[in-house]
Amino acid sequence: MKLTVNGTQRELDCEPDMPLLWALRDLLQLRGTKYGCGKGLCGACTVHLDGQARRSCQVTVADASGAAITTIEGLSTDGQHPLQQAWREHNVPQCGYCQPGQIMAASALLAANPGASDDDIRNTMSGNLCRCGTYPRIHAAIKSAQYTHAAVEEAKDDA
Amino acid sequence: MNTPRKVSRRRFLQLTGLTAGGLVLGARVPGPAALAGVLDEATGAALNIFVSVRADGTVEIVAHRSEMGTGIRTGLPQIVADEMEADWQRVKVIQAQANPAYGSQNTDGSRSVRDFYPVMRQMGAAARTLLETAAADTWGVPAAQCRAREHAVHGPGGQTLGFGELAARAAKLPMPDTSTLRMKAEADFRYVGQSLPIVDLDAMLTGKAVYGIDVQLPDMLYASIERSPWLQGKVESLESDAALAVAGVVDVVTLEAADGAPGFNPIEGVAVLAENNWSALRARDALKLRWSASAHSEHSAAQYLDGLAALVESGPGEVRRQRGNVSEALERAEQMVSATYRTPYLAHAPMEPPVATARVGAGSCEIWACTQTPQATRRAVAEALGLDVDAVVVHVTLLGGGFGRKSKPDFAVEAARLSRRAGRPVQVVWSREDDIRHDYFHACSAQYFQGALDAQGQVTAWLAREAAPPIGATFDPSVQMNSEGGLSQTFASVPFAVPNLRIESHPAPAHVRIGWLRSVYNIPYAFGVGSFVDELAHAAGRDPIAFWLDLLGEDRSLDFADEGFNYSNYGRSLQDFPYDTARMAAVIRTLAERVPWKQSLPAGQGWGFSAANSFLSNMAVASKVEVRDGQLRVLEMHGVLDAGRVINPDRVHAQMEGGMIFGLSLALNGEITFEGGEAQQSNFHDYPIARMQQVPPVIKTHIMPSGAPPSGVGEPPTPPVAPSVANAVFAASGQRIRELPLGKHLNV
């Protein structure tokens, strides 16, 4: 099987129905994508397929082949994606385990809907569970990134 | 101890472990061996077991407690760095292996800071003293004239030597007498009290953080285990041909369990060993298994709770604490109020399920695990494999949440047994279904209260009876009555100045593994106590906050000994940590000032309040809710915490936010039921935990400024939440909900 992950084509020897989650973790050693439920209920395994947020435990390798897959490792080369910066600014993580999935879900949301409202954020991010209860800071961080992003876009317009 | 030897740092840790093993095993804080220094040319100078300094000036500080989200890997080292005058930018935090020389590594009971604040200061001060003495010797001046400041020691003539330049010399010096250590003045604290970002922040945001599930060893197998659906079931029959035929499967292994107390032992199960998780999971589905019945395979949670409720309502239990004459006071009451509360079993459900990796060699074993209790893990693995404890090395990874589940090392024992069998490293990965069905469940409970009010609305009698399966049963199944430690969690330790008071217990035999979950018995008991105070206040026609403050009575230090109750005080003496009602009253008054408690609200909205003392801290919570057409929405939660001196305020706020949301989650949704001995829930669809939509848009936290010794932070924010929300539901709708979760009675 062939997958394009974070811009690199990878070959792997597995059954086509293996969930992308386990292929990423066990076969490609990309362990930033987390297992949480295996049923698409918690969002810990969220990755991007062609820019869309998908639960990698619910996508088979066969379904993912041909798509551009982005994992947390590939979201930014330097860890400075605007959402990673916003997460830092708000000290969002507690245990940190769900945060890659949260950031991947949030980045797909803002890419599709830069002006996402509070309700949009709540609706979309309610697919990602956090047992530590970092939701208020996740929400605040997404708002911060929106403002930063908007400010950047505005500055571009002025230029 | 004063003779430096050139040994590796790892060997040093092993040595101190061996030396201290007999003396310090189980000790709360490290013994004198922890202060022995060692010079190692390769890795730097160990000034004591917690601090070493490299020649380049890097200061390595050992975090001996487990990071599960509290920020403890940052908080404890920041105390050391402050006391030794290290520059935080040049500090590297090293995670400790299991070693009793560090003192207790059990990261539970909200006690990392409260137990180790003085120890961390001592370790920092001892290291600083050695560096100052080394500088003094270099310059030939009295040590008293040399002062460490900002990662260097400064002499009387303006001389300066960096910590790195002094390290080798410092490590050769005799240890300072700990009783003469000069401690920094609190006014000079540089990091204590500062919100330093956690040391793992960048790794967590980029997917580089290593949790238990992220460990990968060469040649490693993955194991998925089908366990007995009920406690103490055994494999009756097994057909594994179909499982063995799945591509990638290496072996199917029955893990037998001994009879007797569940303890930290694995549940009997059948493990599939495979080259990847997917193969293991698929093959496991193909197993054909029958399990033998046991004494617990008929357990029904609904019937069991009905039985406990009938018991507490039926009559007197064993008296645990008594003051005055409750029966007489109840007879003379102007008004008598009674109520029965029920709380369900709960599962921990950390986002990372239990995962452990083992590599068993000839006469040795290495474990990598997301464990809250590395030393217990080491002992349990050693016992299971018949090895000496010092033949077992336990590496602690980050924990993707713990909440008490990962205090139990059963999953590491599974990995060790399977690795020995396979002759290869094995990683045991619990599925979410495994995690929820086979947890060390939080106890369910029934509580019955009677209160007497006089004509002025004063409480003249308080009778409380409880029945809840005790944690002790997990280690000794004959234990049926909750312990004094269990009842010290709000139920028997109610701080109320009521003239007549009686606390009683009934037995409750355990049918599942009972464990401790964030704030433990405070969860059910604070719900019962906090709800019943509210019911009394409404019966008396009084404001619930004013009523609670009245119940607290005059400021005093509580000691329950003369009322027949041996209060645990969370393992600390009442001299060191007095239970002062004034601190709870101050927390409640502060909360009342911070929320518009008496604002007039639209119909269907209401405020609710509760407070609890737990883990030596006081927390008060006010919640504002709306109840409309059977739909409950929590609109606001406000919390005020007095946890004594706070090391990292941002992390304390984070624990308050998270602890309150944890409390809200279990209040709204949390319930595990059993039928035929089997847990009826298995994943987040039927054991929901709070999602962003359920969490109020307004959550405000306030920390009381305090110079008192640090007390618990991780757990105290949770207990008052459920009663505050239930009380708010009553204020909003007139509906009194006496059974958790609230989601059984309202849409949530």
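The values are calculated or read from the model by the stated rules, or taken from the named source; none is laboratory data. From a predicted model like this one, the values you see are computed outputs, not experimental measurements. Heads up, the Cβs are rebuilt from the backbone with ideal geometry, glycines too, and the neighbour counts pull from every protein chain shown.
Which ones in region B:517-562 are among the acidic types (Asp, Glu) and either outside the structural domain of B:Ala620 (by TED's automatic domain parsing) or buried (at least 18 other Cβ atoms within 10 Å of the Cβ) (or both)?
Correct list: B:Asp534, B:Glu535.
Among the residues of region B:250-271 satisfying the criterion of being among the charged types (D, E, K, R) and in contact with a strand residue (DSSP E or B) (Cβ under 9 Å, 6 or more places away or on another chain), which is surrounded by the fewest Cβ atoms within 10 Å (Cβ to Cβ)?
If we take residues in region B:250-271 being among the charged types (D, E, K, R) and in contact with a strand residue (DSSP E or B) (Cβ under 9 Å, 6 or more places away or on another chain), then B:Glu256 is surrounded by the fewest Cβ atoms within 10 Å (Cβ to Cβ).
In region A:9-27, what count of residues is obtained for those that are closer than 21 Å to A:Ala105 by Cβ and either facing chain B (nearest Cβ under 7 Å) or part of a loop (DSSP other than H, G, I, E, B) (or both)?
The total comes to 2.
With within 36 Å of the chain's Cα centre (by Cα), in the same structural domain as B:Pro77 (by TED's automatic domain parsing) and acidic (Asp, Glu) as the only criterion, which of B:Glu150, B:Glu132 stands out?
B:Glu150
Picking from B:Gln655, B:Gln681, which residue would you name as being of a type outside the set (A, V, I, L, M) and part of a loop (DSSP other than H, G, I, E, B)?
Every option except B:Gln681 fails the conditions.
Being in contact with a strand residue (DSSP E or B) (Cβ under 6 Å, 6 or more places away or on another chain) and either among the β-branched types (Val, Ile, Thr) or surrounded by fewer than 16 Cβ atoms within 10 Å (Cβ to Cβ) (or both) is the filter here; which residues of region A:10-27 pass it?
Answer for region A:10-27, where residues must be in contact with a strand residue (DSSP E or B) (Cβ under 6 Å, 6 or more places away or on another chain) and either among the β-branched types (Val, Ile, Thr) or surrounded by fewer than 16 Cβ atoms within 10 Å (Cβ to Cβ) (or both): A:Glu11, A:Asp17.
In the set B:Glu504, B:Glu466, B:Glu484, which member is under 22 Å from the mean Cα position of the chain (by Cα) and among the acidic types (Asp, Glu)?
B:Glu484
In region B:110-163, what residues are in a helix (DSSP H, G or I) and among the basic types (Lys, Arg)?
B:Arg114, B:Arg121, B:Arg128 - these are the residues of region B:110-163 that are in a helix (DSSP H, G or I) and among the basic types (Lys, Arg).
Table: residues versus (1) over 24 Å from the mean Cα position of the chain (by Cα); (2) under 24 Å from B:Phe609 (Cβ atoms); (3) assigned to a loop (DSSP other than H, G, I, E, B); (4) touching a residue at least 12 places away in the same chain (Cβ under 8 Å).
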{"position": "B:Leu641", "(1), (2), (3), (4)": "no, yes, no, yes"}
{"position": "B:Asp650", "(1), (2), (3), (4)": "no, no, no, yes"}
{"position": "B:Met660", "(1), (2), (3), (4)": "no, yes, no, yes"}
{"position": "B:Leu664", "(1), (2), (3), (4)": "no, yes, no, yes"}
{"position": "B:Pro688", "(1), (2), (3), (4)": "no, no, yes, yes"}
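For B:Val512, only one of the following conditions fails: (1) over 29 Å from B:Phe403 (Cα atoms); (2) in contact (Cβ under 8 Å) with a residue 60 or more places away in the chain. What is its number?
In the conditions (1) over 29 Å from B:Phe403 (Cα atoms); (2) in contact (Cβ under 8 Å) with a residue 60 or more places away in the chain, B:Val512 misses (1) alone.
Is one or more of the residues making up region A:34-46 in contact with a Pro (Cβ under 7 Å, 6 or more places away or on another chain), touching a residue at least 40 places away in the same chain (Cβ under 8 Å) and in a loop (DSSP other than H, G, I, E, B)?
Yes, region A:34-46 contains at least one residue that is in contact with a Pro (Cβ under 7 Å, 6 or more places away or on another chain), touching a residue at least 40 places away in the same chain (Cβ under 8 Å) and in a loop (DSSP other than H, G, I, E, B).
What are the pairs with Cβ atoms under 7 angstrom where one residue, in region B:281-309, is closer than 19 Å to B:Arg437 by Cβ and the other, located anywhere, is of a type in the set (Asp, Glu)? Sequence gap at least six, or different chains.
What qualifies is B:Arg284/B:Glu226; B:Leu287/B:Glu226; B:Lys288/B:Glu239; B:Leu289/B:Glu226; B:Arg290/B:Glu236; B:Trp291/B:Glu236; B:Ser292/B:Glu236; B:Ser300/B:Glu675.
Could you check, for region B:432-439, whether at least one of its residues is surrounded by 23 or more Cβ atoms within 10 Å (Cβ to Cβ) and outside any helix (DSSP H, G or I)?
yes
For (1) surrounded by fewer than 21 Cβ atoms within 10 Å (Cβ to Cβ); (2) modelled with pLDDT of 95 or more, each residue gets a yes or a no:
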position: B:Ala55; (1), (2): yes, no
position: B:Val62; (1), (2): no, yes
position: B:Ser66; (1), (2): no, yes
position: B:Gln78; (1), (2): no, yes
position: B:Asp87; (1), (2): yes, yes
position: B:Gln95; (1), (2): yes, yes
position: B:Asn99; (1), (2): no, no
position: B:Arg121; (1), (2): yes, yes
position: B:Arg128; (1), (2): no, yes
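Can you pull out every residue in region A:1-14 that is touching a residue at least 24 places away in the same chain (Cβ under 8 Å) and of a type outside the set (A, V, I, L, M, F, W, C)?
Once the filter is applied, which keeps residues that are touching a residue at least 24 places away in the same chain (Cβ under 8 Å) and of a type outside the set (A, V, I, L, M, F, W, C), region A:1-14 yields A:Lys2, A:Thr4, A:Asn6, A:Gly7.
Here's a check for you: in region A:28-48, which residue that is closer than 15 Å to B:Pro688 by Cβ and either touching a Cys at 6+ places or on another chain (Cβ under 6 Å) or surrounded by fewer than 23 Cβ atoms within 10 Å (Cβ to Cβ) (or both) is farthest from the other protein chains (Cβ to nearest Cβ)?
So the residue we want is A:Gly40.
May I ask you to say which residue of B:Gly315, B:Gly324, B:Gly363 is modelled with pLDDT under 95 and more than 14 Å from chain A (Cβ to nearest Cβ)?
That would be B:Gly315, the only listed residue that is modelled with pLDDT under 95 and more than 14 Å from chain A (Cβ to nearest Cβ).
Does any residue of region A:121-130 turn out to be at negative phi, in contact with a Leu (Cβ under 8 Å, 6 or more places away or on another chain), crowded, with 24+ Cβ neighbours inside 10 Å and at the interface with another protein chain (Cβ under 10 Å from one of its Cβ atoms)?
yes
From the residues in region B:274-303 that are in contact with a Phe, Trp or Tyr (Cβ under 9 Å, 6 or more places away or on another chain) and within 14 Å of chain A (Cβ to nearest Cβ), which one is surrounded by the most Cβ atoms within 10 Å (Cβ to Cβ)?
Looking at the filtered set, the residue picked out is B:Ala280.
Within region A:47-65, can you find the residues that are small (Gly, Ala, Ser) and either touching a helix residue (DSSP H, G or I) at 6+ places or on another chain (Cβ under 7 Å) or free of Cβ contacts under 8 Å to residues at least 40 places away in the same chain (or both)?
Hits for region A:47-65 are A:Gly51, A:Ala53, A:Ser56, A:Ala64.
Taking A:Arg137 and the conditions (1) basic (Lys, Arg); (2) assigned to a loop (DSSP other than H, G, I, E, B); (3) more than 7 Å from every other protein chain (Cβ to nearest Cβ), which numbered condition does it fall short on, given that it satisfies the others?
All conditions pass for A:Arg137, except number (2).
Of the conditions (1) within 27 Å of A:Glu15 (Cα to Cα); (2) crowded, with 22+ Cβ neighbours inside 10 Å, B:Leu205 satisfies every one except a single condition; which number is it?
(1)
Does B:Ser224 meet the test of being under 30 Å from A:Pro16 (Cβ atoms), within 31 Å of the chain's Cα centre (by Cα), modelled with pLDDT of 95 or more and crowded, with 22+ Cβ neighbours inside 10 Å?
Spelling it out, B:Ser224 is indeed under 30 Å from A:Pro16 (Cβ atoms), within 31 Å of the chain's Cα centre (by Cα), modelled with pLDDT of 95 or more and crowded, with 22+ Cβ neighbours inside 10 Å.
Mind listing just one residue for me: the one in region B:587-616 that is surrounded by 24 or more Cβ atoms within 10 Å (Cβ to Cβ) and of a type in the set (Phe, Trp, Tyr) and, of those, farthest from B:Val713 (Cα to Cα)?
Checked region B:587-616; the qualifying residue farthest from B:Val713 (Cα to Cα) is B:Trp607.
Confirm whether B:Val713 is among the aliphatic types (A, V, I, L, M) and either out of contact with any Gly (no Cβ under 9 Å at 6 or more places or on another chain) or farther than 30 Å from B:Arg432 by Cα (or both).
No, not satisfied.
I'm checking my understanding of the structure. Among residues of region B:379-411 that are basic (Lys, Arg) and either at positive phi or buried (at least 23 other Cβ atoms within 10 Å of the Cβ) (or both), which one is farthest from the other protein chains (Cβ to nearest Cβ)?
Of everything passing the filter in region B:379-411, B:Lys408 is farthest from the other protein chains (Cβ to nearest Cβ).
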